[in-house]
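Asker: Here's a structure for you.
The values are calculated or read from the model by the stated rules, or taken from the named source; none is laboratory data. All values reported here derive from a predicted model rather than from experimental measurement. Positions of Cβ are generated from backbone atoms using ideal geometry, with glycine treated the same way; all protein chains shown enter the neighbour counts. The area values use the complete protein model at the heavy-atom level, side chains included, leaving out ligands, DNA and RNA. Shrake-Rupley method; radii C 1.70, N 1.55, O 1.52, S 1.80 Å.
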Amino acid sequence: MNVEIEKQISAYLSGLCSEEEVRILLAWSAETEENATAFARACLRHELTGELFEEGRVAEVRPPEAGSNSTSQRHFFQWGAAIAAALILSLIGLAIWTQPQPENDSSFAVIAQSVGARLPDGTVVASNREVGVETIEIAGGLIRLDFDHGASMTVEGPARFELRDAMHVYFEEGVATFHVPESAKGFTVDTADAEVIDLGTAFGLTKRGGGKTDVCVFEGEVEVEGERIRAGEAVSARKDGGVQESFFETEIYEKVWPVTSGVLQTTGMMRFVSPGPGFFPGRFEDNQHITVFLERRQVSIENALEVDLADPGEYRRIRREKGPRIPAGSEVASYLLQLDPVGLLDKWDGDKPRVEGQITFDQPIVGLIASGRKLLATDIFLGHPDGNYGELPRGLEPPKENLQQAEAEGKDVLILAADQRTLILNFAAGSALDQIRVLVASDALSTSRN
Amino acid sequence: MDDTESFKILTVEWTRAQPAVARFVRSFVRNRADAEDVLQEVALAIVDRFESYDASRPFIAWALGVARNLVKSHFRKQLRRPITADDESAVDRVADAFEALQPEVEEMKEALAECIRRVPDEERRMLAMQYEEDLKPAVIARKIGKTANHVAVMLHRLRLGLRQCVERKMNPHQNPS
């Protein structure tokens with residue numbers, strides 16, 4: 001069987017396929033009897049494996065977890081099957097047997113990040129708490145919820161919302177951004193003013209009273225009250241009816257969008273860029289900030305990848321010798337930091353002001369690529385799909401004639417902190433430094449789309 | 001044959017066929033609660049239509065025929081897109097395959113049991129979380145401190161390994177694909 005198909009069937013059995021992927025898989029199964037049999041065999045093995053665990057025939061090695069609800073939905077299902085059998089028996093006059101239904105594990109998301117978030121009574125919101133059908137209210141700060149189906153939602157307080165089920169949120173108040181991969185297409189956010197159905201995308205939503213809901217689409221498409229809104233478009237939906245085009249404004253999402261994108265905090269001159277009109281991956285012009293943007297959420301490193309830096313420490317230059325390697329099979333997210341004050345690329349002036357900034361990711365940094373050669377070599381699979389990185393020099397490589405002076409004066413410092421998640425830059429403005437690609441361990445589901 | 005006799009036959013046949021029908025339904029209806037509902041519908045339909053069952057045909061084939069129609073009906077209700085000819089054809093073909101595979105199910109289950117017992121403890125723990133607790137990769141990942149993608153990849157590799165192991169055991173003289 002084709003390796004890709006087998007992988008797809010495995011994703012299907014793990015519940016990770018989108019409706020479209022299921023459609024493709026079914027079309028493949030319908031093609032030939034051989035395909036249908038391969039699919040049937042895989043499903044059959046899957047079901048039999050479940051039965052074997054259920055019957056206790058393949059000893060489970062895990063010690064029971066305190067407080068964990070290990071009751072499986074399979075129990076529930078098999079009980080359901082028994083009910084079906086009982087129903088038949090009842091119809092022929094035999095007794096129905098009864099038994100209490102076990103409870104399901106009802107959580108479908110986790111508060112993956114809590115950044116200064118607190119409840120209305122001042123209690124700090126803890127991260128790593130599993131959540132299910134419930135209403136959540138925060139007085140301030142940010143929380144990011146990661147759903148089991150791969151979607152994530154970052155909310156800035158004050159906010160109040162109700163998780164109605166894994167695919168449905170009722171948003172009463174607040175500012176939020178959403179990233180919804182193919183696996184969660186159809187994810188719906190309701191407010192008092194509008195129904196927003198995600199069609200596989202990233203978008204921001206603001207509900208601050210006043211009888212209207214603002215929706216701003218960063219990537220892909222959403223449906224607002226039945227109207228399709230595309231990337232780079234924004235609308236206001238009003239309670240009294242009607243969806244009106246509005247100004248595409250991402251500023252309001254500047255705190256929440258980075259958290260949705262895996263960046264917990266930026267300080268100093270570091271600025272995380274929300275996608276939208278005027279955003280040109282690779283050549284975003286901003287001479288006031290070190291701009292950062294997410295290039296790809298999830299990339300599988302096929303062959304061991306040489307990077308420039310991977311270990312915590314303080315670096316004053318990128319050495320051109322052999323760098324550390326990220327092993328094949330690793331999954332990473334890539335971000336690009338741009339420090340190119342426009343028009344200053346060719347200058348090296350020791351009197352320029354400092355460019356300082358810090359960025360903290362929610363997952364460990366596994367490598368930094370800062371040399372022009374490696375940046376160029378990795379653009380194709382780590383760069384933004386729509387990126388135009390141009391032909392200009394890039395990378396953390398000061399001109400040779402200034403190198404010794406720069407090193408001696410300690411002008412440019414890059415620190416990869418011991419927590420492996422924080423990157424600190426302190427450079428002289430006007431350095432030839434241009435871009436740094438940061439590779440972070442990917443925590444995204446395999447169904448996320450790049 | 002009176003009604004009592006007829007119902008006795010129905011009960012016996014359904015008891016035999018129910019596991020295969022349940023596996024088939026679950027293969028297409030991935031949500032457990034929905035699968036339970038569909039299986040109940042199948043059970044009721046079988047009772048309703050039992051008079052039309054031709055006893056010269058295998059009951060399992062007839063039961064799978066009823067089940068495939070209700071799976072398609074479930075698709076029509078649940079899918080956000082129109083059901084296609086390919087969807088229907090896949091359900092029919094896979095139902096036929098389930099019927100054809102029936103004679104080897106017990107052997108497959110025994111082979112699978114032996115293969116799973118050989119899986120190292122850590123991986124077997126992951127299998128147990130997926131199969132016994134019915135947890136999704138993201139939830140398993142949180143419990144074991146790995147990424148969801150790591151879990152999804154590991155589960156794929158485990159399934160691949162189990163398939164090859166089962167094929168070796170069932171067809172010792174053939175090279176697994």
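Asker: If I filter region B:99-111 for residues that are within 22 Å of residue A:51 (Cα to Cα), open to solvent by 10 Å² or more (accessible area, probe 1.4 Å), within 9 Å of chain A (Cβ to nearest Cβ) and in a loop (DSSP other than H, G, I, E, B), do I get at least one hit?
Answerer: Checked against the condition, which is being within 22 Å of residue A:51 (Cα to Cα), open to solvent by 10 Å² or more (accessible area, probe 1.4 Å), within 9 Å of chain A (Cβ to nearest Cβ) and in a loop (DSSP other than H, G, I, E, B), region B:99-111 yields no hits at all.
Asker: For region A:17-60, give me each residue that is part of a loop (DSSP other than H, G, I, E, B), more than 7 Å from every other protein chain (Cβ to nearest Cβ) and open to solvent by 10 Å² or more (accessible area, probe 1.4 Å).
Answerer: Passing the criteria: A:17, A:32, A:55, A:56, A:59.
Asker: Considering only residues that are open to solvent by less than 40 Å² (accessible area, probe 1.4 Å) and more than 7 Å from chain B (Cβ to nearest Cβ), look in region A:1-10 and name the one that is nearest to residue B:125 (Cα to Cα).
Answerer: A:9
Asker: So which residues in region B:112-129 are open to solvent by 10 Å² or more (accessible area, probe 1.4 Å) and either in contact with an Asp or Glu (Cβ under 8 Å, 6 or more places away or on another chain) or in contact (Cβ under 8 Å) with a residue 24 or more places away in the chain (or both), if there are any at all?
Answerer: Passing the criteria: B:114, B:118, B:119, B:123, B:124, B:125, B:126.
Asker: Which numbered condition in (1) in a helix (DSSP H, G or I); (2) more than 7 Å from chain A (Cβ to nearest Cβ); (3) out of contact with any Asp or Glu (no Cβ under 8 Å at 6 or more places or on another chain) is the only one that residue B:150 fails?
Answerer: Failed condition: (3).
Asker: Name the single residue that is nearest to the chain's Cα centre (by Cα) among those in region A:123-137 being more than 12 Å from every other protein chain (Cβ to nearest Cβ) and surrounded by fewer than 13 Cβ atoms within 10 Å (Cβ to Cβ).
Answerer: Only one residue fits best here, namely A:126.
Asker: Note down all Cβ pairs under 6 Å where the first residue falls in region A:1-27 and is touching a residue at least 40 places away in the same chain (Cβ under 8 Å), the second is among the hydroxyl-bearing types (Ser, Thr, Tyr) and outside any loop (DSSP other than H, G, I, E, B), and they're at least six residues apart or on different chains.
Answerer: A:16/A:183; A:18/A:183
Asker: Also: I'm told residue B:8 meets every condition in (1) facing chain A (nearest Cβ under 9 Å); (2) under 24 Å from residue B:74 (Cβ atoms) except one. Can you identify the failing condition by its number?
Answerer: (2)
Asker: A further question on this structure: Would you confirm, using the coordinates I've provided, whether residue B:86 is within 7 Å of chain A (Cβ to nearest Cβ), farther than 22 Å from residue B:19 by Cβ, crowded, with 16+ Cβ neighbours inside 10 Å and over 18 Å from the mean Cα position of the chain (by Cα)?
Answerer: Criteria met by residue B:86.
Asker: Please name all residue pairs, on different chains or six or more residues apart, with Cβ atoms under 6 Å, provided the first residue is in region B:71-99 and is of a type outside the set (Lys, Arg) and the second residue is open to solvent by 70 Å² or more (accessible area, probe 1.4 Å) and part of a helix (DSSP H, G or I).
Answerer: B:83/B:76
Asker: Continuing with the same structure: If residue B:7 satisfies all but one of (1) open to solvent by 20 Å² or more (accessible area, probe 1.4 Å); (2) touching a Lys or Arg at 6+ places or on another chain (Cβ under 6 Å), what's the number of the condition it fails?
Answerer: (2)
Asker: For region A:221-289, which fully contained strands (runs of 3 or more DSSP E) count at least 1 residues that are open to solvent by 20 Å² or more (accessible area, probe 1.4 Å), β-branched (Val, Ile, Thr) and at pLDDT 80 or above?
Answerer: Once the strands (runs of 3 or more DSSP E) in region A:221-289 are filtered for at least 1 residues that are open to solvent by 20 Å² or more (accessible area, probe 1.4 Å), β-branched (Val, Ile, Thr) and at pLDDT 80 or above, what remains is A:243-246, A:263-268.
Asker: State yes or no: is residue A:14 more than 7 Å from chain B (Cβ to nearest Cβ), open to solvent by less than 50 Å² (accessible area, probe 1.4 Å), within 21 Å of residue A:148 (Cα to Cα) and in contact with a Pro (Cβ under 9 Å, 6 or more places away or on another chain)?
Answerer: So residue A:14 does not fit the description; no.
Asker: State all residues of region B:52-86 that are outside any helix (DSSP H, G or I) and of a type in the set (Val, Ile, Thr); if no residue qualifies, say none.
Answerer: B:83, B:84
Asker: Now for a different question. Do the conditions hold for residue B:117, that is, is it facing chain A (nearest Cβ under 8 Å) and over 22 Å from residue A:39 (Cα atoms)?
Answerer: The answer is yes for residue B:117.
Asker: Of the residues that make up region A:162-170, is at least one of a type in the set (Val, Ile, Thr), closer than 16 Å to residue B:80 by Cβ and surrounded by 23 or more Cβ atoms within 10 Å (Cβ to Cβ)?
Answerer: no
Asker: Would you point out which residue out of B:30, B:49, B:26 is of a type outside the set (A, V, I, L, M, F, W, C), open to solvent by 50 Å² or more (accessible area, probe 1.4 Å) and either part of a helix (DSSP H, G or I) or at positive phi (or both)?
Answerer: One residue alone meets the criteria, B:49.
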